[in-house]
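Here is the structure we will look at.
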Amino acid sequence: MQYKGVIFDLDGVICFTDRFHYLAWKQAVEPLGVYFDEKINDRLRGVSREQSLEIILEKYDGKLSSQEKASLCETKNNIYKQLLTNLSPNDVSEDVMFTLCSLKHRGVPIAIGSSSKNTRFILERLGILEIFDAISDGNGLTKSKPDPEVFLKAANMLQLPPDKCLVVEDAESGIDAGNAGGFTTVGIGVAASYEKSNYKINKLSDILQLKGN
Ligand code: B16
Ligand code: MG
């Protein structure tokens, strides 16, 4: 496959903030006594904060008002943001850095396509905000993955048609979004065993073996 640009999901692909999401949700919903484990957490990958709460509440017997839900989302985000302050450039793996630098060296434009409203804060903490040619994030999105909106915005920012871009994702919802938008999808992590991923990789630098330009 020939590609001219690459769009990376953030959480689970560029960095491993998934553990912080898990810890923050666990602490935020603890007062409800609702069951929550890492398997449920896997279903939250790529899903917006509000929709993540709805998935967690599938195991909850009570009923919450929209105000209570908004307040839980805020509590979760405050805990999450506190955890994010632990992030530093040391949290970017050598493999991720090598991949990003190699693509830049080859002249391949790179973008972020993330559901997270904390994208810029995370990239700043990691010291890699400036390396990306475009950032499409959860701010201003009208539809969450599996809708392709976040990736279509990223491709638009790169001025490339979707069929000329790779989308690299760790979430099934993200692979579905990429496929729906007409992108070539690459699954890593959990999505490496998802049958709908066009390509499946073990480590990010494996994308360098797919032919670009
Ligand atoms: P926030 P991604 C997603 O990031 C996470 O995987 C998902 O667990 C989270 O709920 C979502 O961002 C929204 O994040 O609460 O920071 O706005 O995988 O799309 O980079
Ligand atoms: Mg992800």
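The values are calculated or read from the model by the stated rules, or taken from the named source; none is laboratory data. Computed from a predicted structure; not experimentally measured. Cβ sites come from the backbone with ideal geometry, for glycine too, and all protein chains shown count toward neighbours. Surface accessibility is based on the protein's heavy atoms, side chains included, excluding ligands, DNA and RNA. Shrake-Rupley method; radii C 1.70, N 1.55, O 1.52, S 1.80 Å.
Of note:
- Residues of segment 43-70 satisfying the condition of being part of a helix (DSSP H, G or I), surrounded by 14 or more Cβ atoms within 10 Å (Cβ to Cβ) and among the hydroxyl-bearing types (Ser, Thr, Tyr): 52
- Against the criterion of being part of a helix (DSSP H, G or I), out of contact with any His (no Cβ under 6 Å at 6 or more places or on another chain) and either at pLDDT below 95 or open to solvent by 20 Å² or more (accessible area, probe 1.4 Å) (or both), residue 23 qualifies.
- Residue 120 open to solvent by 60 Å² or more (accessible area, probe 1.4 Å) and in contact (Cβ under 8 Å) with a residue 40 or more places away in the chain: no
- Among (1) surrounded by fewer than 20 Cβ atoms within 10 Å (Cβ to Cβ); (2) within 15 Å of ligand 2 (Cβ to nearest atom); (3) at pLDDT 95 or above - the single one residue 14 does not satisfy: (1)
- Pairs, first at negative phi in segment 48-68, second among the basic types (Lys, Arg) and assigned to a loop (DSSP other than H, G, I, E, B), C-beta under 8 Å, six or more apart: 49/117; 55/43
- Qualifying residue in segment 26-41 (condition: of a type in the set (Phe, Trp, Tyr) and either in contact with an Asp or Glu (Cβ under 7 Å, 6 or more places away or on another chain) or assigned to a helix (DSSP H, G or I) (or both)): no
- Against the test of being closer than 28 Å to residue 207 by Cβ, touching a residue at least 24 places away in the same chain (Cβ under 8 Å) and of a type outside the set (Asp, Glu), the options 23, 103 yield a single qualifying residue, 103.
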